[in-house]
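For reference, the structure discussed in these notes is given below.
The values are calculated or read from the model by the stated rules, or taken from the named source; none is laboratory data. Note that the structure is predicted; figures quoted are calculated from it, not measured. With ideal geometry, Cβ positions are generated from the backbone for all residues, glycine too; neighbour counts draw on all protein chains shown. The protein model used for the area step is the full one, side chains on, heavy atoms only, and it has no ligands, DNA or RNA in it. Shrake-Rupley method; radii C 1.70, N 1.55, O 1.52, S 1.80 Å.
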Amino acid sequence: MAEKIIIDTDPGQDDAVAILLALASPELKILGITAVAGNVPLQLTQRNARVVCELAGRTDIPVFAGCDAPLARQLVTAEHVHGKTGLDGIDLSDPRMPLKETHAAEFIVDTLRTQPAGSVTLCTLGPLTNVATAFKSAPDVIGRVRRIVMMGGAYFEVGNITPAAEFNIYVDPEAAEIVFGSGVELIVMPLDMTHKALVTQPRVEAFKDLGTDLGHAVAAWIDFFERFDRDKYGSDGAPLHDPTVIAYLLEPDLFVGRYINVEVETRSDLTRGMTVADWWGVTDRKANAIFMGDVDAEAFFSLLIRRISSL
Ligand code: BDR
Ligand code: CA
């Protein structure tokens with residue numbers, strides 16, 4: 001039976017590719033896509049989520065708008081990486097499929113209450129505000145989540161938005177603290193691992209060579225948003241973060257990590273949103289997350305290209 005998932009996201013070009021990978025995967029049943037403010041404001045992330053569904057011809061997927069600001073902070077966005085729309089790279093017209101009226105957090109709660117306990121996986125690709133809001137408003141649903149597979153955090157690779165923090169956790173550290181403390185099985189895709197999944201030029205070309213509209217869209221998106229990281233890190237290619245979440249559901253053996261304790265820094269201004277990962281087991285704090293450290297990048301990209309070619 002297909003694994004039921006909710007994708008919580010702030011598209012974002014790499015979010016868009018993750019959504020396409022999920023749409024291309026019969027092993028997964030997408031119950032809904034919930035948008036959150038992050039890479040760009042909510043008005044754009046909810047629009048972009050619908051744009052991506054329409055591009056894939058999947059107007060049947062319900063899309064919900066959620067929180068427009070972090071739990072306790074001003075929103076920080078990343079137009080410097082993703083462009084003004086969040087999906088810069090190709091020209092896009094406004095989506096025609098409607099946005100659902102229900103708030104994303106309410107949809108998450110209702111879904112977890114109505115689906116059998118332990119049957120729904122949350123895939124989080126942005127700040128954790130929607131999920132934390134759902135958990136705060138309805139603690140009874142926490143124990144009903146099958147697992148959370150999240151893109152977020154960094155340890156050895158340190159930060160991408162500040163020297164200490166990864167963007168998704170930095171934007172809403174209080175929400176991340178709630179999720180990391182929830183007791184739900186957590187699988188974390190941090191920068192330590194995504195920085196090994198590099199979009200090199202031959203990989204961009206491979207998407208173009210698919211010769212399909214979506215192949216071209218993916219190539220243009222990743223080429224656009226990767227230029228920022230290519231310049232920053234001086235590498236041949238830049239990391240493709242969010243699709244690793246979906247790839248994990250399809251081929252978990254591509255990833256290697258450790259089951260460790262991870263805590264989120266919320267009190268310091270200097271290290272706000274740092275994921276303090278006890279990789280070496282130097283404390284007696286209880287393990288709460290599988291924190292990935294490595295990926296078979298060749299196999300990851302070949303999975304991605306194969307699946308996108310089927311759309
Ligand atoms: C994360 O932040 C966003 O810019 C990307 O979409 C990804 O989810 C990487 O730090
Ligand atoms: Ca994202």
Check your understanding: Yes or no: A134 crowded, with 23+ Cβ neighbours inside 10 Å, part of a helix (DSSP H, G or I) and more than 13 Å from ligand 2 (Cβ to nearest atom)?
Key -> yes
Check your understanding: What helices (runs of 4 or more DSSP H) lie completely within the stretch 191-263 and have 1 or more residues being among the hydroxyl-bearing types (S, T, Y) and over 21 Å from N160 (Cα atoms)?
Key -> 243-250
**Study point:** T244 being closer than 29 Å to K29 by Cα, within 14 Å of ligand 1 (Cβ to nearest atom) and either open to solvent by 20 Å² or more (accessible area, probe 1.4 Å) or of a type in the set (S, T, Y) (or both)
**Key:** yes
Exercise for review: Identify all residues within the stretch 166-188 that are under 17 Å from V36 (Cβ atoms), within 15 Å of ligand 1 (Cβ to nearest atom) and in contact (Cβ under 8 Å) with a residue 60 or more places away in the chain; write none if there are none.
Suggested key: E166, F167, N168, I169, Y170, V171, D172, P173, A175, A176
Check your understanding: Filter the stretch 66-116 for residues that are farther than 29 Å from P239 by Cα and basic (K, R); which is surrounded by the fewest Cβ atoms within 10 Å (Cβ to Cβ)?
Key -> R96
Practice item. Say whether the condition of being within 16 Å of ligand 1 (Cβ to nearest atom), open to solvent by less than 30 Å² (accessible area, probe 1.4 Å) and not aliphatic (A, V, I, L, M) is met by at least one residue in the stretch 199-214. Key: no
Check your understanding: Among the residues of the stretch 28-45, is any without any contact (Cβ under 8 Å) to a residue 40 or more places away in the chain, within 15 Å of ligand 2 (Cβ to nearest atom) and outside any loop (DSSP other than H, G, I, E, B)?
Key -> yes
